[in-house]
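Here's the structure, in structure tokens; my notes come after.
Every number in this text was worked out from the coordinates using simple rules, so none of it is lab data. Note that the structure is a prediction, hence the values are computed from the model and not measured. For neighbour counting, all protein chains shown are included, and Cβ atoms are generated from backbone atoms with ideal geometry for every residue, glycine included.
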Amino acid sequence: MPLQWSNLPGFQLCVVTGHGSVTRADVETYLAGTIREGAKSYAKLVDITTCKLVLDHDDLQAVSEGLVRYGWGDRAGPVAMIVSTALNLDMAVLMKQRVGDRPFRIFTDIDAARAWLASYHESYRLIGSHGALSTGIMLRHGHLRPG
């Protein structure tokens, strides 16, 4: 599966990692999965540094509309998206422009993304010892602990 996610209820965090080519269907599956799993309000750490977003104009519009619908009703959690390529950065910026006032920031550094989420979301915090999440995202300066 190109988009994998792990929900960490004790931290109110969903860690998402992209692999290979990520399509509109993959994003829609992820969004539906987090709703089904009760993680819509969780903060999202989205690492798309090792994947390629494969979205044409219509796909990008549909994904953006899906993100707007996702934010309706119960409050959706903040999103910190980490990118490493110009294409993914462009796609992320276009999505961010279309989702309105939702807390959604784009980063090129995982530490900055984690710091922003930690400052935004008070139900968890980062601490200073080495660790890793099972999704393979290495937390270079710390690991998560319930707040």
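Taking Asp90, is it in a helix (DSSP H, G or I), touching a helix residue (DSSP H, G or I) at 6+ places or on another chain (Cβ under 9 Å) and of a type outside the set (A, V, I, L, M)? Quick ask: steps written out before the conclusion?
On the way: in a helix (DSSP H, G or I): yes; touching a helix residue (DSSP H, G or I) at 6+ places or on another chain (Cβ under 9 Å): no; of a type outside the set (A, V, I, L, M): yes.
No; evaluated as a whole, the condition is false for this residue.
Output the number of residues of region 41-96 satisfying the condition of being within 17 Å of Leu31 (Cβ to Cβ) and of a type in the set (Ser, Thr, Tyr).
4
Looking at Leu60, is it over 15 Å from the mean Cα position of the chain (by Cα) and either more than 12 Å from Leu3 (Cα to Cα) or not aliphatic (A, V, I, L, M) (or both)? Can you show your working first?
Working: over 15 Å from the mean Cα position of the chain (by Cα): yes; either more than 12 Å from Leu3 (Cα to Cα) or not aliphatic (A, V, I, L, M) (or both): yes.
Yes: the conditions hold for Leu60.
How many residues does region 26-77 hold that are part of a loop (DSSP other than H, G, I, E, B) and under 17 Å from Gln12 (Cβ atoms)?
Pass one, region 26-77, residues part of a loop (DSSP other than H, G, I, E, B): 37-42, 48-50, 54-56, 71-77.
Next, from what is left, pick out any that are under 17 Å from Gln12 (Cβ atoms): 37-42, 71, 74-77.
Counting residues in region 26-77 that are part of a loop (DSSP other than H, G, I, E, B) and under 17 Å from Gln12 (Cβ atoms) gives 11.
Conditions (1) out of contact with any Cys (no Cβ under 9 Å at 6 or more places or on another chain); (2) farther than 27 Å from Ser119 by Cβ; (3) of a type in the set (S, T, N, Q); (4) surrounded by fewer than 21 Cβ atoms within 10 Å (Cβ to Cβ), marked per residue:
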residue: Ser21; (1), (2), (3), (4): no, yes, yes, yes
residue: Arg24; (1), (2), (3), (4): yes, yes, no, yes
residue: Arg36; (1), (2), (3), (4): yes, yes, no, yes
residue: Ser41; (1), (2), (3), (4): yes, no, yes, yes
residue: Ala62; (1), (2), (3), (4): yes, yes, no, yes
